[in-house]
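Chemist: I'd like to ask some things about the structure below.
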Amino acid sequence: MRYLPRVPITGQSVAQTPGKASGSGATDRRNKMSDVIDGAVAALQNKLSGGFDGTAKFVIPGEGALMIDGAGVRAGDEEADVTLTADAETFKAILDGELNPTAAFMGGKLSVDGNMGLAMQLGSALA
C-alpha cells in the first residue's frame with residue numbers, strides 16, 4: 001500500500017489552482033472587496049487630511065466598511081456616531097466629486113443613521 005506524505009491543510013483542495021477558490025470565485029471576490037475598501041481608504045485620507053471630530057462609518061453593502069475618526073481612515077466595522085450607507089457606485093461618485101453627498105442623500109442613494117451634524121460635516125469635507 002502506498003501512502004501520501006502529510007501536507008498541512010490550507011483550505012484548498014488538491015484539484016484547485018493556487019489563488020483560486022473552488023467554484024464560487026470567493027478569492028476573487030475577497031480581492032475585489034479589499035481593492036474597493038483600500039481605494040476608498042486612500043481617497044478619504046486625501047480628502048480628510050485636516051482630521052475629523054467624531055466617529056463615522058461608511059458601509060458599502062457587499063464590499064465592507066471603513067471607519068473615519070480623529071486618528072484617520074481605516075478599514076473596519078465598529079460602533080460610530082454616524083453611519084453612512086451607499087452602494088459602491090454612489091460612493092465612488094461622491095469621492096470623485098461627481099455627486100454631491102447632500103444630493104445623494106436627498107435622492108435616496110445615501111442613507112444616514114445617527115448624528116446628522118457629523119454627517120453634514122463629513123459631507124462638506126467630501127464635496
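Derivation of every value follows stated rules applied to the coordinates shown; laboratory data play no part. It should be emphasised that the depicted structure is a prediction, and the values quoted were computed from it without experimental measurement. Cβ sites come from the backbone with ideal geometry, for glycine too, and all protein chains shown count toward neighbours.
Chemist: Placing +1 at every Lys and Arg Cβ and -1 at every Asp and Glu Cβ, with all other atoms neutral, what dipole size does the stretch 26-126 have around its Cα centre, in debye to the nearest 20?
Modeler: Roughly 160 debye for the stretch 26-126.
Chemist: For a bin width of 10 Å, list the pair-distance distribution of the stretch 26-126 built from all Cα-Cα distances, rounded to whole %.
Modeler: Answer for the stretch 26-126: a P(r) of 16, 55, 26, 3 percent.
Chemist: Can you give me the Cα centroid spacing of the stretch 92-118 and the stretch 46-78 in angstrom?
Modeler: 14
Chemist: With the crude spin-label approximation of a point 7 Å out along Cα→Cβ, what separation in nm comes out for GLU98 versus SER124?
Modeler: Modelled inter-label distance: 2.7 nm.
Chemist: If the cut-off is a Cα-Cα distance under 15 Å, which aspartates and glutamates reach LYS109, setting aside same-chain residues fewer than 8 apart in sequence?
Modeler: ASP87, GLU89, GLU98
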